[in-house]
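All remarks here apply to the structure that follows.
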Amino acid sequence: MSDLKNIVKEFFVKLNCTVIGDDILLIENVPKDFEKIYGKNGPYRFAFEENADGELLTSSSHLFNVISEYLRNKAKVTLLKLELEEISPDELQKHIHFNGYNIYKINKKSNNDYIYKLTFETTIHYLNETEKVINHLYIHDNTLIENFNLEDYQTIPATRREIKNEGELDMKLPQEKIKQLLHDRLLEIKEKLKVSLDREILRINEHYNNLSHEANKEIESTRVKLAELKNSHEDLQTKKVKEQKLQEAIIRLEEKIHPQELEKEKKFHLIEEKNKHSINISSKLLNQTVICFPIFSLQMVFMNNKKFKTVDAEFNALTKQIHKIVCECCSLEIKEIIICSSNHLLCRQCGDRCSCNAIQCIKCRKSNCYLCSKQICDSCTSLCSMCRKNICQSDAKTDFITKKIICRQCSTTCPSCKRLGSKQLFKKIENKFYCPSCYGKIKIQEVF
Amino acid sequence: MTEEIIINESFDIEMSNLEVDDFNSRELMELKIKVSELVTDNVINKLISYPKIKNNLTYDLPYQRDGALRILRDFNCNALLADEVGLGKTITTGMVIKELIERGFAKKILILTPPSLVDQWVAELDDKFDISFNIIENEDDWDVSDFAIASIDRVKGYDLESRQFRHKKVHDISWDLLIVDEAHKLKDRLSMRTKFVDKIQKKRFLILTATPFQNDLVELYNLLNLLKKGHLGTLQAFRKNFLERGNKRKPLNHEVLKRKLREVMVRRKRSETTVEYMQRVPKTISVDLTDEEKIIYEEIQNMIKSNYFLSSGMQINGKLAIYAILPKITSSSKSAMESLQRIIDNQDKYHKRTITHAQKILDAYAVLKTDSKIETLIKLIRDIFRQDRNQKILIYTKHPTTLFYIIEKLKPTGLSIVPFTGASTREEKTAIIDEFKNRADIMISTETGCEGLNFQFCNNLINYDLPWNPMSVEQRIGRIDRIGQKRNMNIYSLATKGTMEEYVVDLIINKMCCVGLIIGELPIILFNLGLDGNGNNGVNKIEEMIMNHFIDSKNNLEIFSKGIKEIETIIQQGIQSYSEYKINTSELIDHE
């Protein structure tokens, strides 16, 4: 009962009427247009309990039909804005693993996203019965969403400027959904109607079968009479007259039952009966609420050991989800902050640690060591001055002559002085490579 | 065999345009949805539309509401409404229509009525139920009429050449509700009228008649077979099960037949209601003309019958032409003078001889000292008020000129008078009724002026002049002969002594409108006689018959009276046959 009272109270307050009282509501200053459709001039005195001093209102009272009709062309569109909290650095930490980085600065910019709440009133008419179903559907990005309920949120009115008209919604979606939601109830109604329709169809079929049967029987009996007449001993003249009469009667009867005409008539009445037992479903959009909520574009500056990295992200205040932090290598969304030695934001799949312990990503990773195939970071990579290939620190040697880096492959050790140098600069004596100095010494000894 | 149920779906996806629509608060939106959820009346247990219309109805008659509810709830509007005449079948049906529309069951409605009732239906549905019905005049009208009303006689026409109904479009439409008024005319199952109705696709079918059969129970069978095929079996089975051999009116298995009838019929008798019906007391008031007036009267008749020429020399004796001038000239001296002056002023149109004749009469009027008709009226009014000063009088005339003339002449009496002409809004009409009911003594109106108004608080009606169309007179009387009339009604009609007026008044008032019929019965009788609706010249058939006799009589009162007698005989036969109708119907369906 208090629901009814609240509705009445709320409605008349919205109408700018003066609403006085608690148990009994006295409504004053009723607008003329409402008085006209209610058929009664104000003030009204409504009671919600029997024997109270006022017009008793129950859920089936005419007043509610009038209110419903009055509101039919009102509240068609509602623009709302969800009241949601902005994100703080602490909140951010719940969504992103900082991996030892600190937030140095956050720049925020907000845009609106929209959810459409469509409230449909579906009326099912069959025979002289009506059923009404109210369905609320939520649509986001032209997709029906199930896990949202406006009642769970605080809202404030939104303005037209905050709503961007994003083109038409695909109404097939709600249409299909409503069909789905009605499916079970329709099956029940169909079953109920079938019982009645089958009974009526039986009546019509029986009627036309009987009509046809009666006429056929009459034709048959006339034919029997005709046959008997032929075998009778009456005089020829009388016989002829009677015979003609009977034949005429047969023609008349045949015309009367004209099978095609009867069938056509029967079909017409069967279709009519089916139409009488049809179900009419009409769904109307009662209200379209556009709910907007902010999507924050964040520009977060992370800091660690004097290294700064700016990371862009999007924070959906409704779902409380951080989006669009992506690995700069593979573009996949990430939920932690990993920054490589070259200041790239990356995911675990795109990063690795070099033997020097630095994080390297596929972007800054120059190559693998030509000799040991080990991945080598920028700072650990050396170029062999001989073969011009990348080599890791452990495979890099220094030519004692040129003092340049050479790889293990290009280097060799002088068997004489045991110093390491480039093969190319060494000279061969009996399959052994000697550094130029030792080579000279050996060759001089041979001369002398 | 199980049939598949047809499902019709409609999806109103009209999205509101954010650019132009007003935006409403969340509270209002939630309120709207809450109320929508609350208003779910699955089964029809009450008339939700009644509060909307009750202020438009003069009386709250519970049996009318109950009838509408039964038709809706128990019969899903597939029924025969056979209430006795005078109980307001139109109102009950209006309630059914309103409720079906209000609940969203009916979007296409067709009403088929006798020709004379088309306008009345339209007016009642508009005034009392705020539903606007479109009158079907030609075949194209079907395309634009969701709520259509048609004279059954007009639309049932069959084209023998194409072997199709002329208004075949009606058969292509699926109607949510079909109503046939005075449906006893569908008693002949082989008639074109019946076939026309049977071919209409309808979801709901309401048949209205106070007399579902006349002489033969087969008529009742035909009517119910039209409503519900096979409800009473085949005709052969019906004859075998329900008809006593040799007596077409006496049923066998009376109780079984009654039970079958109850399954499809709503029938209430006047005795079951609290409605009181008062008598119409006809009073012809003779107007004794002075010698001078007699001469003028005769001169006028002479002019119309033998001296009425166009400038070309062609005599104007067509019924329509006479119809146009005769009533004006006989209505009052003032309207006669106005008509004569118009002839004189139209020298191009009328022949010199006619103009001279008109001028001669006009000159005679100019020197006339007495207007016996208006004096008779004043005397009559005085007599009525002498009996009871608190009475009200409703005076009718066909012509506004006469109306204002009467007002002018009644001014010296000091009586309070309300004039009423032309169409008015409902609010204006309400104000006029209020004025007449609470302050004025007399209301003077043209019959078209106060169509649809109720003056049951007044029981004196004066026909200053009389239309020759009995239905117009019935309409006049109908304003005071309504539910709520507490006294017998005095129907005064002024008739010039020794003229054809006396015979016309006698026929229309004494033999038709005041013979003890209940309001609504005369149209049925005329309809049954085929005298309902328009004649060949576009006037009512009875009117046309009187007109023919007027022309044929050539000023001979004896010949004219014979002609009137012939009409009287036809009407009496119609009344007789209708009475039998009522008795037979009552014997079968009212017998306890």
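The values are calculated or read from the model by the stated rules, or taken from the named source; none is laboratory data. Source: prediction; values computed, not measured. Backbone-built Cβ (ideal geometry, glycine too); neighbour counts: all protein chains shown. Note: accessible area is taken over every heavy atom of the protein model, side chains too, but ligands, DNA and RNA are not part of it. Shrake-Rupley method; radii C 1.70, N 1.55, O 1.52, S 1.80 Å.
Numbers at a glance
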item: Any hit, the stretch A:251-273, residues being over 21 Å from residue B:9 (Cα atoms), at pLDDT below 90 and among the basic types (Lys, Arg); result: yes
item: The stretch A:36-53 residues that are free of Cβ contacts under 8 Å to residues at least 60 places away in the same chain and more than 14 Å from chain B (Cβ to nearest Cβ), paired with ones that are in a loop (DSSP other than H, G, I, E, B) and among the polar types (S, T, N, Q) (beta carbon under 8 Å, 6 or more apart); result: A:42/A:29; A:43/A:29
item: Complete set of residues in the stretch A:11-25 that are of a type in the set (S, T, N, Q) and either open to solvent by less than 80 Å² (accessible area, probe 1.4 Å) or touching a Leu at 6+ places or on another chain (Cβ under 7 Å) (or both); result: A:18
item: Residue, modelled with the lowest pLDDT, within the stretch B:373-398, restricted to residues that are within 14 Å of residue B:493 (Cβ to Cβ) and not β-branched (Val, Ile, Thr); result: B:398
item: 1 or more residues out of contact with any His (no Cβ under 7 Å at 6 or more places or on another chain), within 30 Å of residue B:253 (Cα to Cα) and at pLDDT below 90: qualifying helices (runs of 4 or more DSSP H) within the stretch B:473-592; result: B:521-529, B:557-589
item: Residue B:139 surrounded by fewer than 21 Cβ atoms within 10 Å (Cβ to Cβ) and in contact (Cβ under 8 Å) with a residue 24 or more places away in the chain; result: yes
item: Residue check, residue B:116 among the small types (Gly, Ala, Ser), open to solvent by 50 Å² or more (accessible area, probe 1.4 Å) and assigned by TED's automatic domain parsing to the domain that holds residue B:262; result: no
item: Considering residues of the stretch A:297-317 that are open to solvent by less than 60 Å² (accessible area, probe 1.4 Å) and among the charged types (D, E, K, R) only, the residue nearest to residue A:100 (Cα to Cα); result: A:309
item: The stretch B:102-112: number of residues that are under 16 Å from residue B:142 (Cα atoms) and crowded, with 18+ Cβ neighbours inside 10 Å; result: 4
item: Residue list for the stretch B:42-66, filter: touching a residue at least 60 places away in the same chain (Cβ under 8 Å) and either assigned to a loop (DSSP other than H, G, I, E, B) or under 22 Å from the mean Cα position of the chain (by Cα) (or both); result: B:53, B:56, B:57, B:58, B:59, B:61
item: Hits in the stretch B:71-85 (condition: open to solvent by 20 Å² or more (accessible area, probe 1.4 Å) and in contact with a helix residue (DSSP H, G or I) (Cβ under 7 Å, 6 or more places away or on another chain)); result: B:78, B:84
item: Per-region count, the stretch A:320-373, residues polar (S, T, N, Q) and part of a loop (DSSP other than H, G, I, E, B); result: 8
item: Sole exception among (1) within 13 Å of another protein chain (Cβ to nearest Cβ); (2) part of a helix (DSSP H, G or I) for residue A:33, by number; result: (1)
item: Failed criterion for residue B:283 (all others in (1) open to solvent by 70 Å² or more (accessible area, probe 1.4 Å); (2) more than 30 Å from residue B:462 (Cα to Cα); (3) in contact (Cβ under 8 Å) with a residue 60 or more places away in the chain; (4) of a type outside the set (A, V, I, L, M) hold); result: (2)
item: Residues being more than 27 Å from residue B:466 (Cβ to Cβ), open to solvent by 70 Å² or more (accessible area, probe 1.4 Å) and assigned to a helix (DSSP H, G or I) - total across the stretch B:324-355; result: 3
item: Qualifying positions in the stretch A:120-171 - farther than 30 Å from residue A:188 by Cβ, charged (D, E, K, R) and in contact (Cβ under 8 Å) with a residue 60 or more places away in the chain; result: A:160, A:162
item: Qualifying residue in the stretch B:54-70 (condition: open to solvent by less than 50 Å² (accessible area, probe 1.4 Å) and among the β-branched types (Val, Ile, Thr)); result: no
item: Sole residue being open to solvent by 40 Å² or more (accessible area, probe 1.4 Å) and either farther than 30 Å from residue B:175 by Cβ or more than 8 Å from every other protein chain (Cβ to nearest Cβ) (or both), chosen from A:273, A:206, A:248, A:214; result: A:248
item: Enumeration of residues in the stretch A:57-109 that are among the polar types (S, T, N, Q) and either at the interface with chain B (Cβ under 8 Å from one of its Cβ atoms) or surrounded by 14 or more Cβ atoms within 10 Å (Cβ to Cβ) (or both); result: A:59, A:60, A:61, A:65, A:68, A:78
item: Count - residues of the stretch A:176-207 that are within 16 Å of residue B:7 (Cα to Cα) and acidic (Asp, Glu); result: 4
item: Candidate set: the stretch B:538-585, residues that are polar (S, T, N, Q), touching a Lys or Arg at 6+ places or on another chain (Cβ under 8 Å) and surrounded by fewer than 17 Cβ atoms within 10 Å (Cβ to Cβ); chosen: the one farthest from residue B:262 (Cα to Cα); result: B:555
item: In the stretch B:442-472, residue modelled with the highest pLDDT [restricted to those that are open to solvent by 20 Å² or more (accessible area, probe 1.4 Å) and out of contact with any Asp or Glu (no Cβ under 9 Å at 6 or more places or on another chain)]; result: B:457
item: Top-ranked residue in the stretch B:20-41 [being part of a loop (DSSP other than H, G, I, E, B) and either modelled with pLDDT of 80 or more or facing chain A (nearest Cβ under 7 Å) (or both); ranked as least open to solvent (accessible area, probe 1.4 Å)]; result: B:39
